[in-house]
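One structure is given below, encoded as structure tokens.
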Amino acid sequence: MSTLTPATQVPWAVSSPFRMRPGLARLAAGGHAPAEPPALFVRDALASAYAGHKRAALQAHRARCQIGQADPAVLQAIADACATQTGVVLAAEADALAQGLQEDFVILHDEPDGEAGARTLRTRFLSVCFPSNWSPAEKHGLDFAAIHAPVADNALLQAGGKGIVDMAFRQAPMLRHVWLLTPSGDLPQHPETRRLRWEDALAAADAPGASGRLLDQVFYRVERQTTLPLPVLQRGVFFIRVMVCPLTEALGVGPERAAQLAEALASMSEAVVAYRGMGAVRERLCAELGAIGS
């Protein structure tokens, strides 16, 4: 299930010190932000491959990939945005959009929140074929605070939660990048699906005849996250475009990247390292990154 994006096309989102932060940027009204592809969607030469992987995921695990009920009006708004920004016309149906977009998407409803006049956005439909080690079913019906409750060191995210939701889902389209390292190049990484894990990568790196470098077994994975506010419908849409490439190729794009990544990994708190399951590999990865160019 591995479909790799050329490293030069994968955003380098690494920065230090590493913090779980919102990191939102407003997308220009004309549909483009500086140095960015069309606002909501990234469509490239891998579109047909992504469609094939999504079709396979839906056929094998539909109940795990699509949860809830989608509003026809919201599906139409997504199809219209796709046609406007990419020129690709898709039927305003959940399956057609799931397979026709390289992005996964989540529809949120702007609802009353108990207190008089208070409102929140809750996930009411998820079409997520390529989760990054999380279960879409567990996020159904949750608001921002509940979704991010399990995230390690989430204080910055939670403190800005109300402002993030209001800005990204009621006011203007926004962009955010989230990066991680993974021992698997698969697009779908549902926690219930067996795939390569860090212990497998360590074993492969140290196997007879192997390079001995853990870096050679690692993939750089980025989620390009964008939002589409639909205030007239009291809805919002969250898009997730997953891109994966071998880490060594991502590092090869710029000579400064190995040092940047080593610094970011070293600055991660123990809670974040544990949350990302990297306790057994962080020290070795930092050492191998430090050896590059030395």
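For the range 213-220, 3J(HN,Hα) computed residue by residue from phi via the Karplus equation (6.51, -1.76, 1.60; θ = phi - 60°) reads 9, 5, 3, 6, 9, 10, 10, 9 Hz, glycine and proline entered as x.
What the phi angles of the range 105-117 give under the Karplus curve with 6.51, -1.76 and 1.60, with θ = phi - 60°, is a coupling list of 8, 10, 9, 10, 9, 7, 10, x, 10, x, 5, 4, x Hz, glycine and proline written as x. What the phi angles of the range 170-179 give under the Karplus curve with 6.51, -1.76 and 1.60, with θ = phi - 60°, is a coupling list of 10, 10, 8, x, 10, 10, 8, 10, 10, 10 Hz, glycine and proline written as x.
The C-alpha atoms of the chain occupy a region whose extents along the principal axes are 58, 40, 37 Å, arranged from largest to smallest. May I ask for log10 I(q)/I(0) of the range 62-131 at q = 0.16, 0.22 Å⁻¹, from a Debye sum over the Cα atoms as equal point scatterers with solvent left out? Log10 I(q)/I(0), no solvent term: -0.59, -0.93.
Put a plus charge on the Cβ of each Lys and Arg, a minus charge on the Cβ of each Asp and Glu, and nothing anywhere else: the dipole of the range 70-206 about its Cα centre is then about 180 debye. So what does the Cα-only Debye profile of the range 114-169 read at q = 0.14, 0.15, 0.17, 0.27 Å⁻¹, as log10 I(q)/I(0), no solvent term? Each listed q corresponds, in turn, to -0.44, -0.50, -0.64, -1.26.
Kindly state, as a whole number, the per residue volume in cubic angstrom of the convex hull around the alpha carbon atoms of the range 138-241.
Measuring per residue, one finds 125 Å³ for the Cα hull of the range 138-241.
Identify, among T227, P188, M243, the residue whose Cα sits farthest towards the positive end of the charge dipole of the range 179-252, taking +1 on the Cβ of Lys and Arg and -1 on the Cβ of Asp and Glu, with the dipole about the Cα centre. Towards the positive end, the residue furthest out is T227.
Stokes-Einstein, applied to the Kirkwood radius of the range 39-190 over Cα pairs at a viscosity of 0.890 mPa s and 25 °C, places its translational diffusion at 146 µm² s⁻¹.
Dipole magnitude for the chain: about 140 debye, using +1 per Lys or Arg Cβ and -1 per Asp or Glu Cβ, origin at the Cα centre.
No lab work stands behind these numbers, since they all come straight from the coordinates. None of these values were measured; they are calculated from a predicted model. So basically every Cβ, Gly included, is an ideal-geometry build from the backbone, and we count neighbours across all protein chains shown.
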